[in-house]
Number of protein chains: 2
Amino acid sequence: MPESRAASTSSAHVLEKRRRRRAEILHAALTAFRENGYHTTTLDDIAERLGVRKTALYHYFPDKESILYECHRESLAEIERMIEEAQGRYDTPGGRLAYLIREHVRIMTEGLEGSPLAFEVPALSPERRAEIVAARDRYEGVLRDLIVQGIEAGEFREVDPKIAVFAMLGAINWIARWYRPDGPVHPPELGAQFADHLIGGLKCQPVP
Amino acid sequence: MPESRAASTSSAHVLEKRRRRRAEILHAALTAFRENGYHTTTLDDIAERLGVRKTALYHYFPDKESILYECHRESLAEIERMIEEAQGRYDTPGGRLAYLIREHVRIMTEGLEGSPLAFEVPALSPERRAEIVAARDRYEGVLRDLIVQGIEAGEFREVDPKIAVFAMLGAINWIARWYRPDGPVHPPELGAQFADHLIGGLKCQPVP
DNA sequence: TCAAAATTTGAACCTTCGTTAAGATTGTCA
DNA sequence: TGACAATCTTAACGAAGGTTCAAATTTTGA
């Protein structure tokens, strides 16, 4: 069972090579999942993108769901890194929120890393789903807190923070559905407009 | 083949009964699809919700995909009815847009009708998918036009209309992912806040 | 260069689930 | 009530695709 082999038996070079191969597989899988969804993507599909037979994948992952799971883990790691970065970086809640939106958009578009996190969560086993959902909830909590702070500071009007966060995350996650790297929309402008749109909507009372 | 039987052979009463049963099946399927996704939902799951064996479903629909397809058709009909209603109803682009957002939110929450339209599109066959996507594109075009009009009228700031529409639809479609009829969020407030948030964000230049 | 480890392959297995066929039960209506 | 349609059930099929396994091939490192 190569999957659980102790690191001590292999040289650093071999391990590094293996790590890279795993990353390649994850990337191929991620793209396939994004294009066709988890369930309609077969292991053959993923293997074909790598010029290999599907059984070769079992040398790196114990089963199909684990591939999806690792995609989720990577997304979450990226999100959490982003939250770290945001700490004490801007002095207004709106500023921090704008930063998070721009970064999240970047993550969603760069390498499409955030895509599976947006969809395909129900495909995971209960335990893994719980883990992913818990992490996602933490992130939502961070956003909610920023909105509450913005309201208290008078920067935002009084909205239901929970609903506002759902609106933002919906807009961002939906990117996985329409964005294409070779399309006309470019990530930086996308992030900027999303930040303006979603945060502007919290600041201004629309006239009825 | 009861699926293609001519109407003339059956009485109005029988046809009406059959129509209601079909609606029941669609509703059960819709709920199941929404909770677990199309692919993880089995015909047994749907049948169980109706207290019936899965083969009974074949008396009403030729196959599983057709059930999903009919869900989509109903969603689209609802959306198109909504667009009709909006015609010449408000005099500013922002007003019409706000109406559409509120109504779309209502459709998404009432009976969860809009849910499958939001997700599960890739599960359809190419022909059917093309049909659904075309209708969805028309809807997006309506929204885009309203935004362009709003910009020209000076009601909105200058944004990329396409991106703005994706932000709105993302926020709205995402409702299917988190909204629960027995949850704390109530549709009318949800629709109102979404309209304020998403349209307010088009009106006001956020200070950086 | 050579033995051991790593990687990939081909073939077969097995489960799930959509689907079909034929018959039983229920409902309709003259 | 009786014939016919409508509805549902039981049993079984078959294809798709994830998984296992033993063997072949390639790579590693001394």
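Values in this text are rule-based calculations from the coordinates and carry no lab data. Keep in mind it's a predicted model, so treat the numbers as computed, not measured. Note that we place each Cβ from the backbone using ideal geometry, even for glycine, and neighbour counts take in every protein chain shown.
Data for the structure
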{"quantity": "Neighbour-limited loop hits for GluC sites (Glu not before Pro), segment A:90-170 (at most 10 other Cβ within 10 Å; DSSP other than H, G, I, E, B)", "calculated": "A:E158"}
{"quantity": "Distance (nanometres) between label positions extended 7 Å along Cα→Cβ at B:E127 and B:E65", "calculated": "1.0 nm"}
{"quantity": "Between segment B:89-135 and segment A:127-162, the Cα center-to-center distance that results, in Å", "calculated": "26 Å"}
{"quantity": "Net charge of neighbours whose Cβ lies under 15 Å from the Cβ of B:G200, counting Lys and Arg as +1 and Asp and Glu as -1", "calculated": "-1"}
{"quantity": "At q = 0.12 Å⁻¹, base-10 log of I(q)/I(0) for segment A:78-179 (Debye sum, equal scatterers on each alpha carbon)", "calculated": "-0.41"}
{"quantity": "Cβ-based net charge around A:R106, under 14 Å, with every Lys or Arg adding one and every Asp or Glu removing one", "calculated": "-4"}
{"quantity": "As computed over the protein assembly as shown, the Cα convex hull volume per residue (Å³)", "calculated": "177 Å³"}
{"quantity": "Lone cysteines, the protein assembly as shown (no partner Cβ under 4.7 Å)", "calculated": "A:C71, B:C71"}
{"quantity": "Share of Cα-Cα pairs in chain A lying beyond 24 Å, as whole percent", "calculated": "49 percent"}
{"quantity": "Distances in nm from A:S11 to the matching label points in the other copies, shortest first (labels 7 Å along Cα to Cβ)", "calculated": "8.6"}
{"quantity": "Mean projection area, nm², convex hull over Cα of segment B:24-137", "calculated": "7.4 nm²"}
{"quantity": "Which of A:V52, A:V165, B:V14 has the fewest Cβ neighbours within 10 Å, and the rest in rising order", "calculated": "B:V14, A:V52, A:V165"}
